[in-house]
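What follows is a single structure, written as structure tokens, with notes after it.
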Amino acid sequence: MKRIVLLFLCATFIYAGCDAHSTKDQVSDDSTAESGKVNLTVKTDQLIQKGRDRLNLGTKSIRDIAQAMQYFKEAIGTNPFDQRGYLLLGKTYMNVGSYNDAIFTFQSALLVFPEDGLFNYLLSMCFFQLEDNGMATYNAQKSMDKYKKSKNIDQYKKSKKLFNSLLINNVRSQ
């Protein structure tokens, strides 16, 4: 229950921050408003690219990874309606073994993108790594259902394969 409240508060702050920027900058001229959206997209693109560049360095030091994560967090703060920030931040957490942080990131993304099966799929993988087979199976099922509903056959098959392997794993572990 605490996690749900925390996620709600996180999403509320992100959304409130987005509203604060938009009300400050609101103008009656549509071209200026469109220009603001373009600037927001450009800034988000730049932050995402900076984070990717940090991760693509040959050394991949802890400092580079931390800096990349910071860029991805800034991208989420700049434009919480762009999935790339959540995806890259969560996957980076997964790559360094911070599965609880990845879970928090993907659950936050689901508050903004509730119909996207990708975040459930990634949640399933995180829970599996933490040996929480119940939550892993639940999220694999949710992912499969969402992809089936959206008629994304390739992703549906991928989710179904994960779901079936989790079921087999659950049977073996009992």
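Condition first: out of contact with any Asp or Glu (no Cβ under 8 Å at 6 or more places or on another chain) and without any contact (Cβ under 8 Å) to a residue 40 or more places away in the chain. Now tell me which residues in the range 99-112 satisfy that.
99, 100, 101, 102, 103, 105, 106
Taking residue 96 as meeting all but one of (1) buried (at least 20 other Cβ atoms within 10 Å of the Cβ); (2) of a type in the set (A, V, I, L, M, F, W, C); (3) touching a residue at least 24 places away in the same chain (Cβ under 8 Å), write down the number of the exception.
(1)
Yes/no per residue for (1) touching a residue at least 40 places away in the same chain (Cβ under 8 Å); (2) not charged (D, E, K, R):
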position: 77; (1), (2): yes, yes
position: 114; (1), (2): no, yes
position: 122; (1), (2): no, yes
position: 126; (1), (2): no, yes
position: 137; (1), (2): no, yes
position: 141; (1), (2): no, yes
position: 146; (1), (2): no, no
position: 161; (1), (2): no, no
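Is the range 98-108 home to any residue that is in a loop (DSSP other than H, G, I, E, B) and more than 22 Å from residue 73 (Cβ to Cβ)? Don't jump to the end; show me each part of the working.
Of the residues in the range 98-108, the ones in a loop (DSSP other than H, G, I, E, B) are 98.
Subset that is more than 22 Å from residue 73 (Cβ to Cβ): none.
No.
Restricting to the range 128-155, give me the number of residues that are hydroxyl-bearing (Ser, Thr, Tyr) and more than 26 Å from residue 98 (Cα to Cα).
2
No value in this document is a laboratory result; all are computed from the given coordinates. These numbers come from a predicted model, not from an experiment. Every residue, glycine among them, receives a Cβ derived from its backbone with ideal geometry; neighbour counts consider all protein chains shown.
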